[in-house]
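To keep things clear, I will list the structure first and then write my remarks on it.
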Amino acid sequence: MENNNEMLAEQAVQIAPEVQSESASDPVAASEGYRASDGTRSGEISELYAQVEMLKSELVTSKVQTALLLLGIAKEKLEDGTSLAVGICSTGKEPEEAAAEIISSYPHLKAVQRKIPQFSASGSGNDDGFSAIRKIFSGR
């Protein structure tokens, strides 16, 4: 997916100087001139730019979600943490930094690690916790 983003970004960079140099003098004439020389409509170019921005947004969201999961956020609260962290990313921070800031600011979003009790029926004494159960089944 990253290669697709890079490829789209490179295409946008290659197209952008042509459009920018023409649009600097007269935007309407530039779009007409560009349409005539290449056969491509300016609407298609703006659609491609919109797609690039959408892919960038999806990439940032995916990176934030990955960072949050690695930091131990509860899966049920992933959406809340993601929306908070994406907002922080829009200020210029990296997704990993934003995720760490969210986890430190909102510790209730972290998954609770519960200790799971372990039982064993290997004891044969009267006080091992299973003696009552053994008495019930031994009478049959």
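Regarding A99, is this residue among the small types (G, A, S) and in contact (Cβ under 8 Å) with a residue 24 or more places away in the chain? So that I can check it myself, show each step before the final result.
On the way: among the small types (G, A, S): yes; in contact (Cβ under 8 Å) with a residue 24 or more places away in the chain: yes.
For A99, the condition - among the small types (G, A, S) and in contact (Cβ under 8 Å) with a residue 24 or more places away in the chain - is met.
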Those residues of the range 34-75 which are modelled with pLDDT under 90 and among the aromatic types (F, W, Y) amount to Y34
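Among the residues of the range 51-88, count how many are of a type outside the set (D, E), open to solvent by 60 Å² or more (accessible area, probe 1.4 Å) and out of contact with any helix residue (DSSP H, G or I) (no Cβ under 6 Å at 6 or more places or on another chain). Talk me through it step by step, then tell me what you get.
To start, the set of residues in the range 51-88 that are of a type outside the set (D, E) comprises 51-52, 54-57, 59-75, 77-78, 81-88.
Okay, now just the ones that are also open to solvent by 60 Å² or more (accessible area, probe 1.4 Å), so 51, 54, 56-57, 63, 65-66, 69-71, 75, 77, 83-84.
Narrowing the set further to residues that are out of contact with any helix residue (DSSP H, G or I) (no Cβ under 6 Å at 6 or more places or on another chain) leaves 51, 54, 56-57, 66, 69-70, 75, 83.
Number of matching residues: 9.
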If we keep only residues of the range 95-140 that are loosely packed, with under 10 Cβ neighbours inside 10 Å and touching a Lys or Arg at 6+ places or on another chain (Cβ under 9 Å), then the residue modelled with the highest pLDDT is H108
Result of the Cβ filter at 7 Å on the range 66-86, keeping first residues that are closer than 14 Å to S105 by Cα and partners that are surrounded by 15 or more Cβ atoms within 10 Å (Cβ to Cβ) and polar (S, T, N, Q), at least 6 apart or interchain, is L68/T82; T82/T61; T82/Q65
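The values are calculated or read from the model by the stated rules, or taken from the named source; none is laboratory data. The structure presented is a predicted model; accordingly, all values stated were derived computationally and were not measured. Here Cβ is always computed from backbone atoms with ideal geometry, including for glycine, and neighbour counts include all displayed protein chains. Side chains are part of the model used for accessible areas, which takes the heavy atoms of the whole protein and leaves out ligands, DNA and RNA. Shrake-Rupley method; radii C 1.70, N 1.55, O 1.52, S 1.80 Å.
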